[in-house]
């Protein structure tokens, strides 16, 4: 299964770094879409189906918290896994993000291995980036 991803960050450099890290760590990476803020992300999601969103919190126009609220309020996008990649890491902010049901959190700066680990865990990939086989039990 190919993994299609949307990266939402107002920094083109950060988007490029995340894309590079994904390409290095996810063998079955599909399409990687980019958006510079929440409004662009919503427009991208209207035109493309993705399996995972990686997003920052601090962005112009429509920030990450506002985007999360819109995603969770939209029946078609409410279960879309979201990983927040941000410099913000206060306990209050993390608690607020948990209320929105984020799938994961990475603090900037991050290492590619950390991104791989979070993506593999969320998408139920093994350490080599391939989908895990269901456990057939002992019969």
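The values are calculated or read from the model by the stated rules, or taken from the named source; none is laboratory data. No experiment lies behind these values; they were computed from the predicted model shown. When we count neighbours, we look across all protein chains shown, and the Cβ atoms used for this are built from the backbone with ideal geometry, even at glycine.
Figures for the structure shown
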| item | result |
| --- | --- |
| Criterion violated by residue 10 - all others in (1) more than 18 Å from residue 114 (Cα to Cα); (2) touching a helix residue (DSSP H, G or I) at 6+ places or on another chain (Cβ under 6 Å) satisfied | (2) |
| Filter pass, residue 97 being in contact with a helix residue (DSSP H, G or I) (Cβ under 8 Å, 6 or more places away or on another chain) and either exposed (fewer than 13 other Cβ atoms within 10 Å of the Cβ) or modelled with pLDDT of 90 or more (or both) | no |
| Filtered residues of the stretch 62-86 (kept if more than 13 Å from the chain's Cα centre (by Cα) and either assigned to a helix (DSSP H, G or I) or closer than 21 Å to residue 16 by Cα (or both)) | 62, 63, 65, 66, 69, 70, 72, 73 |
| Criterion violated by residue 3 - all others in (1) in contact with a helix residue (DSSP H, G or I) (Cβ under 8 Å, 6 or more places away or on another chain); (2) within 18 Å of residue 99 (Cβ to Cβ); (3) touching a residue at least 24 places away in the same chain (Cβ under 8 Å) satisfied | (2) |
| Which numbered condition residue 134 fails, given (1) modelled with pLDDT under 90; (2) touching a strand residue (DSSP E or B) at 6+ places or on another chain (Cβ under 8 Å) | (2) |
| Members of the stretch 104-120 that are within 15 Å of residue 7 (Cβ to Cβ) and surrounded by fewer than 18 Cβ atoms within 10 Å (Cβ to Cβ) | 108, 110, 112 |
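Here's the yes/no breakdown for (1) touching a strand residue (DSSP E or B) at 6+ places or on another chain (Cβ under 7 Å); (2) part of a helix (DSSP H, G or I):
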position: 18; (1), (2): yes, yes
position: 21; (1), (2): no, yes
position: 31; (1), (2): yes, no
position: 34; (1), (2): yes, no
position: 42; (1), (2): no, yes
position: 46; (1), (2): no, yes
position: 54; (1), (2): yes, no
position: 57; (1), (2): yes, no
